[in-house]
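Colleague: Mind having a look at this structure? Questions to follow.
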Amino acid sequence: MIETLNTSVAVLILALAIFTIATRELFAAAVGFIAYGLLLTLVWVQLHGLDVALIEGAVGGGLTGVLVIASAARLRDTPATAAVRLGASARAAAAIVAGVVAAALAACVLALPDPASTLAPQVAANIAATGVGNPITAVLLAFRAIDTLLEVIVLIFALIGVWSLAPDGVWGGRPGPRYEADPNGILAYFARILPPIGIIVGIYIFWVGADHPGGKFQGATFLAAMWLLAARAGLTDAPPISRVWLRIVLVAGPMVFVAIGLAGAVTAGAFLAYPAGYAKPLILAIEWALMPSLALTLALLMAGAPQRPGMP
Amino acid sequence: MSATTIFGLCAAALVGVGLFGLIVDPQPLRKILAFNVIGSGVFVLFGAVARRGAAEGMGGDPVPQALLITGIVVAFSATALAVALLLRLFNVTGSVTLSSDAPHEERLDGGNAWRRRP
């Protein structure tokens, strides 16, 4: 029974991926990609990765989907004919390359070692020292904290990259266009009703992350999505990126993370090590500091490069 | 067939489909989509490997699962940067093509003037 379900989900996902690639209409491809991203969350649930399912639904399907569909809408009127299509022989060669890569990967999947290598016993043996109950949170903020630190810094770098695409005249201005919607329309209605619920859900997902599936990335995505909804409905506007408070909130989380890491070098003998007995409070401090920074970074990544002067 | 094998094979096929789209499709936004399909295929493959490492009452090996969360967020930031580059290209040249010899209107100010798009 469950095997039938798995097979049909796999076939459906594959069909959606092919549709996304093959359809002629750009907008249809964007819609297909969103459905694809949401179906992937089912795969993650079946692979027993609930934390990954949450982030896939929120970021992979949600934020990426909105980003792609918004830009597809803006590029809709561009002449697609300007693009040069590849000839039949080149397409056949590309199909052969793609087929060989897929076949090699499939062979690797069938040849995976049995029993599989795993780090789960080491995590189980050491999780008590961190004080958190969710093994993934323990990996993210204790065992592999350096990855998480570099990740939040990569997000800031990506944001700097997006901002640097601003035309000279509007540097420091407000990102994206000013959205307007019918104040009595369904979008504005949702933008008034959903955020109070969404903000509570986001903070809850963040709060339970220490011991259950969830965490700061998933929670921050929820908060960013709620702001995005209000902005698209014209109820609020993006702040000018030259604001001092905005810059401070952006870097506060990573700075606290680095400061705690450096303090660990003094008190516990290694960068990002926690002194015995203080692991849980320090992990919570990092999570609390990262949450607003991440929410703002994700929201501003969605908003795009500055397009309007900051001062009207 | 176990879930890990089914989704592992599905992931291998997704990488192939995405790679084909990335090479063949001339439109930049379609290339970004195809690249994301490749990325999610790699993630699912890694997720199947993580599931096989289930032990000690955990549903999967938590180390690859945590790396997956990191990977998905980083993939999003790369997509956001790529889309921003694409929109900037559109604002400067008025068209979106990666072909270097395609005709396009060159704006004298290099796209620096602020203008409201209709």
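The values are calculated or read from the model by the stated rules, or taken from the named source; none is laboratory data. These figures come from a predicted structure and were not determined experimentally. Because the Cβ atoms are built from the backbone with ideal geometry, glycine has one as well, and the counts that use them run over all protein chains shown.
Colleague: Working carefully through the options A:V162, A:V201, A:V132, find the one that is β-branched (V, I, T) and in a loop (DSSP other than H, G, I, E, B).
Modeller: A:V132
Colleague: Against the definition (assigned to a helix (DSSP H, G or I), among the hydrophobic types (A, V, I, L, M, F, W, C) and closer than 29 Å to A:P167 by Cβ), how does A:L294 come out, yes or no?
Modeller: Yes: the conditions hold for A:L294.
Colleague: Under 9 Å by Cβ, and 6 or more places apart or on different chains, what pairs join a residue from the range A:231-256 that is closer than 14 Å to A:A295 by Cα and in the same structural domain as A:L187 (by TED's automatic domain parsing) with one that is in a loop (DSSP other than H, G, I, E, B) and among the aliphatic types (A, V, I, L, M)?
Modeller: Correct list of pairs: A:R247/A:I241.
Colleague: If I ask for residues that are of a type in the set (S, T, Y) and either surrounded by fewer than 18 Cβ atoms within 10 Å (Cβ to Cβ) or in contact with a Pro (Cβ under 9 Å, 6 or more places away or on another chain) (or both), which ones from the range A:275-298 would you list?
Modeller: Selection gives A:Y278, A:S293.
Colleague: So, in the range A:160-176, of the ones that are among the aliphatic types (A, V, I, L, M) and more than 8 Å from chain B (Cβ to nearest Cβ), which residue ends up nearest to the chain's Cα centre (by Cα)?
Modeller: Applying the filter and picking the extreme gives A:I160.
Colleague: Give the range A:211-231 a look and list any residue that's within 14 Å of chain B (Cβ to nearest Cβ) and more than 14 Å from A:A58 (Cβ to Cβ), or say none.
Modeller: A:D211, A:H212
Colleague: For residues in the range A:144-158 being assigned to a helix (DSSP H, G or I) and at the interface with chain B (Cβ under 7 Å from one of its Cβ atoms), which is surrounded by the fewest Cβ atoms within 10 Å (Cβ to Cβ)?
Modeller: In this case the residue turns out to be A:V154.
Colleague: Taking only the range A:23-35 into account, find how many residues are loosely packed, with under 15 Cβ neighbours inside 10 Å and of a type in the set (A, V, I, L, M).
Modeller: The qualifying residues number 1.
Colleague: Looking only at the range B:79-96, which residues are assigned to a helix (DSSP H, G or I) and either buried (at least 22 other Cβ atoms within 10 Å of the Cβ) or at the interface with chain A (Cβ under 7 Å from one of its Cβ atoms) (or both)?
Modeller: Across the range B:79-96, the qualifying residues are B:T79, B:A80, B:L81, B:V83, B:A84, B:L85, B:L86, B:L87, B:R88, B:F90.
Colleague: Something else: Quick one: which of A:A116, A:A103, A:A94, A:A125 is assigned to a loop (DSSP other than H, G, I, E, B) and either at pLDDT 90 or above or farther than 30 Å from A:G304 by Cα (or both)?
Modeller: Selected residue: A:A116, the only one of A:A116, A:A103, A:A94, A:A125 that is assigned to a loop (DSSP other than H, G, I, E, B) and either at pLDDT 90 or above or farther than 30 Å from A:G304 by Cα (or both).
Colleague: Considering (1) within 30 Å of A:K280 (Cβ to Cβ); (2) surrounded by 15 or more Cβ atoms within 10 Å (Cβ to Cβ), say which one A:A166 fails and leave the rest.
Modeller: Tallying (1) within 30 Å of A:K280 (Cβ to Cβ); (2) surrounded by 15 or more Cβ atoms within 10 Å (Cβ to Cβ), A:A166 fails exactly one: (1).
Colleague: Among (1) closer than 17 Å to B:D61 by Cβ; (2) more than 7 Å from chain B (Cβ to nearest Cβ), which single condition is A:W44 missing?
Modeller: Checking A:W44 against (1) closer than 17 Å to B:D61 by Cβ; (2) more than 7 Å from chain B (Cβ to nearest Cβ), the one that fails is (2).
Colleague: Right, another one. Of the conditions (1) farther than 28 Å from A:I160 by Cα; (2) part of a helix (DSSP H, G or I); (3) small (G, A, S), B:A66 satisfies every one except a single condition; which number is it?
Modeller: Among (1) farther than 28 Å from A:I160 by Cα; (2) part of a helix (DSSP H, G or I); (3) small (G, A, S), B:A66 violates only (1).
Colleague: Further question: Assuming A:A181 fulfils every condition listed in (1) farther than 20 Å from A:F271 by Cβ; (2) assigned to a helix (DSSP H, G or I) apart from one, which condition is it?
Modeller: (2)
Colleague: If I go through the range B:18-29 residue by residue, how many of them are surrounded by fewer than 24 Cβ atoms within 10 Å (Cβ to Cβ), within 7 Å of chain A (Cβ to nearest Cβ) and in a helix (DSSP H, G or I)?
Modeller: Residues meeting the conditions: 3.
Colleague: What number of residues in the range A:1-41 are within 7 Å of another protein chain (Cβ to nearest Cβ), among the polar types (S, T, N, Q) and free of Cβ contacts under 8 Å to residues at least 24 places away in the same chain?
Modeller: Number satisfying all stated conditions: 2.
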